[in-house]
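Please read the structure below before turning to the comments.
The values are calculated or read from the model by the stated rules, or taken from the named source; none is laboratory data. Keep in mind that what you see is a predicted model, and the values were worked out from it rather than measured. Every residue, glycine as well, gets a Cβ built from its backbone with ideal geometry; the counts of neighbours run over all protein chains shown. When the accessible area is computed, the model is the full protein with side chains, heavy atoms only, and any ligands, DNA or RNA have been set aside. Shrake-Rupley method; radii C 1.70, N 1.55, O 1.52, S 1.80 Å.
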Amino acid sequence: MTSAWTDREFPNTICLFDVDGTLTPARGVITESMKTTLEELRKKCVVGFVGGSDFVKQQEQLGENAVDMFDFCFSENGLTAYRQGKRLAEDSFLQFLGEDRYAKLVNFCLRYIADLELPKKRGTFIEFRQGMVNISPIGRACSRDERNEYEVFDLKHNIRKDFVEALKREFSDYGLKYSIGGQISFDVFPIGWDKTYCLRHLEGEGFNTIHFFGDKTFEGGNDFEIYEHPEVTGHAVKNPLETEAILKSLFSL
């Protein structure tokens, strides 16, 4: 155990949280109630979040002071990481894949999206990130109402699932994994760079209990791998209210 956590009631325990749908509504902002719950939780144990989005987007949801609210901040599944406000070493999706292979992947996706018949299309179909690319058939520039509409359409017609299967066939030798998360998109990243990647940053911290809370814990969802990890106690939630309820029950908050 490191001396950093001796002020906690349970210094050998850490709670990790997905962001969208777990700490906040999808692409929404954290509530004052959740902030208070997390503040009380930090008296009990170590607290961190892990998500696929970059840190700027996570700050939009969790607040500009996110590094002060959490002991660990894991952006892009931990490719960008902060421990007690200090940035840790990072890795790069582009370095892993190389420019030529990356260009082939992007070109295939753009052609595939161009041929999709959707009720609406907006903009920002491919978002380049440090540790992955995020692909959205409707485009990340859609409004909140359009996001909700697309989610219903996607669930009915398996747009993202079919897209992922096409990518698996086309790029079977690239060593990539695909993870559907949120309402409108899916992530593409190297095998092993899912949310379990963040766990390597916890090695040597002395944690013997790691709780994870997420809403996309089904197979193919972007919380699945860490939820099922043998060293993790997983909690599947439907929304932030359920996250709070479980925390209050587990830690007597």
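In the list E117, E151, which residue meets the criterion of being out of contact with any helix residue (DSSP H, G or I) (no Cβ under 6 Å at 6 or more places or on another chain), within 30 Å of M69 (Cβ to Cβ) and either among the small types (G, A, S) or surrounded by fewer than 20 Cβ atoms within 10 Å (Cβ to Cβ) (or both)?
Going through E117, E151 in turn, just one is out of contact with any helix residue (DSSP H, G or I) (no Cβ under 6 Å at 6 or more places or on another chain), within 30 Å of M69 (Cβ to Cβ) and either among the small types (G, A, S) or surrounded by fewer than 20 Cβ atoms within 10 Å (Cβ to Cβ) (or both): E151.
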Review point. When residues of region 48-59 are filtered for being surrounded by fewer than 19 Cβ atoms within 10 Å (Cβ to Cβ) and among the aliphatic types (A, V, I, L, M), how many remain?
Key: 1
**Study point:** Failed criterion for F96 (all others in (1) under 22 Å from the mean Cα position of the chain (by Cα); (2) more than 20 Å from K168 (Cα to Cα) hold)
**Key:** (2)
Check your understanding: Which of the residues that make up region 213-253 are over 19 Å from M132 (Cβ atoms) and of a type in the set (A, V, I, L, M, F, W, C)?
Key -> F213, F218, V232, A236, V237, L241, A245, I246, L247, L250, F251, L253
**Study point:** Sole residue being at pLDDT below 95, of a type in the set (V, I, T) and surrounded by 15 or more Cβ atoms within 10 Å (Cβ to Cβ), chosen from I180, I210
**Key:** I180
Check your understanding: Looking at (1) surrounded by fewer than 21 Cβ atoms within 10 Å (Cβ to Cβ); (2) of a type outside the set (F, W, Y); (3) modelled with pLDDT under 95; (4) part of a loop (DSSP other than H, G, I, E, B), which is the one condition that is false for G131?
Key -> (1)
Review point. Quick one: in region 37-47, which of the residues that are touching a residue at least 60 places away in the same chain (Cβ under 8 Å) and not hydrophobic (A, V, I, L, M, F, W, C) is surrounded by the fewest Cβ atoms within 10 Å (Cβ to Cβ)?
Key: E40
Exercise for review: Would you point out which residue out of L62, L110 is open to solvent by 30 Å² or more (accessible area, probe 1.4 Å), modelled with pLDDT of 95 or more and of a type in the set (A, V, I, L, M)?
Suggested key: L110
Review point. Taking the condition of a type in the set (K, R) and either touching a residue at least 12 places away in the same chain (Cβ under 8 Å) or surrounded by 15 or more Cβ atoms within 10 Å (Cβ to Cβ) (or both), does R169 pass?
Key: no
Check your understanding: When region 199-224 is examined, which residues are found to be of a type outside the set (V, I, T), out of contact with any Gly (no Cβ under 9 Å at 6 or more places or on another chain) and in contact (Cβ under 8 Å) with a residue 12 or more places away in the chain?
Key -> G204, E205, G206, F207, N208, G220
Review point. Looking only at residues in region 183-198 that are among the aliphatic types (A, V, I, L, M) and without any contact (Cβ under 8 Å) to a residue 60 or more places away in the chain, which one is most open to solvent (accessible area, probe 1.4 Å)?
Key: I191
Point to revise | Boolean, L79 is open to solvent by 40 Å² or more (accessible area, probe 1.4 Å) and at pLDDT below 95 | key: no
Exercise for review: Report yes if some residue within region 15-31 is of a type outside the set (S, T, Y), under 18 Å from R200 (Cβ atoms) and at pLDDT below 95; otherwise report no.
Suggested key: no
